Amino acid sequence: MAESLAGRVALVTGGSRGIGAAISNALGEAGAAVAINCRERLDQANSVADDIRARGGRAIAVAADVSQSVAVAGMVERVKSELGPIEILVNNAGIAITRGVDDLTEADFDRTITVNLKSVFLCTQAVLPMMRARKWGRIVNISSGAARGAGSIGPHYNASKAGIEGLTRGYAARLVKEGITVNAVAPSLIATDMMKGQEQLVARIPLGRFGRAEEVAKAVMLLVDNPYMTGQTIAMSGGMSFN
């Protein structure tokens, strides 16, 4: 980081494992106080917070279903009370329900859109007053290569991630003059729990391996550090596709 994040407060949704945990750790290393959100894996979220505190940082774990407005409001209020006003938001929470065209149900579609897309809207709206008061904010949304490609999870997942990138551009255009940047990172085939048992997919990647959660975190930190970059999506696919 060109600029230390000491004194800044960050919230990472879905931060208890995988990409979210890597992002939480990177923010903590850069000096930010970090709130690690989870829906139900509180033990894992606490473990990430413990690691940050062990290195001399400030961190808390906060359980909340970010697809529910009341839960989001309570989460944001707790973070503000314990760490301070939120100035960095990473919308990482999401689900991946694998379905084909013929077995995709309305319930699957609604759940995916609510968790993956509506949560980004709810969390962004909840933190904006704090960022606006400081005339400084960084919002990074975790999209996916599925926003532009065929993907393997299903059209409902494609739609949810494409929606995230639309929200990213829409907020970026309207907040740029207030010192708030909004960007996205779109990883493909990262070595997380989702890829267990899917080793055959490595053959699709020109680089010859899955991406690493820490590499996604580095892209997020680049966006947090850059005040001139907004409304953009950084794609990470190991050479499978290009913007």
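We did not get these values from a lab; they are worked out from the coordinates using the rules stated. Since this is a predicted model, take the numbers as computed values, not measurements. Note: ideal-geometry Cβ built from the backbone for every residue, glycine included; neighbour counts use all protein chains shown.
Quick notes
- Residues whose placed amide H lies under 5 Å from that of Ala184, excluding near-sequence neighbours: Asn141, Gln232, Thr233, Ile234
- Cα centroid separation, region 159-225 to region 29-43 (Å): 18 Å
- Sequence-separation-based contact order of region 1-108, relative, with Cα cut under 8 Å and 6+ spacing, percent: 29 percent
- Amide H contacts of Val34 (H built 1.01 Å from N, under 5 Å, at least 5 apart or other chain): Ala10, Arg58, Ala59, Ile60
- Additional length obtainable on full extension of the chain from Ala173 to Asp102, 0.36 nm per residue less Cα span: 21.8 nm
- Long-range HN-HN contacts of Ala63 with modeled amide H, under 5 Å: Cys38
- Note on Tyr228 and Ser152: the model spin-label points, each 7 Å out from Cα along the C-beta direction, lie 3.9 nm apart.
- Residues of region 1-43 with an amide N closer than 13 Å to a point placed 7 Å from the Cα of Lys80 along the Cα-to-Cβ direction: none.
- Converting phi to 3J(HN,Hα) with the Karplus coefficients 6.51, -1.76 and 1.60 and the offset θ = phi - 60°, region 103-117 yields 10, 6, 9, 4, 5, 4, 4, 4, 5, 5, 5, 5, 6, 7, 10 Hz in sequence order, with x at every glycine or proline.
- Comparing Asp110, Asp50, Asp225 in a Gaussian network model of the chain where C-alpha atoms under 10 Å apart are linked, the largest mean-square fluctuation is found at Asp110.
- Least to most buried among Glu215, Glu199, Glu82 (fewest other Cβ within 10 Å first): Glu199, Glu82, Glu215
- Set of lysines near Lys80 by C-alpha distance (under 25 Å), chain-local residues within fewer than 8 positions excluded: Lys118, Lys135, Lys177
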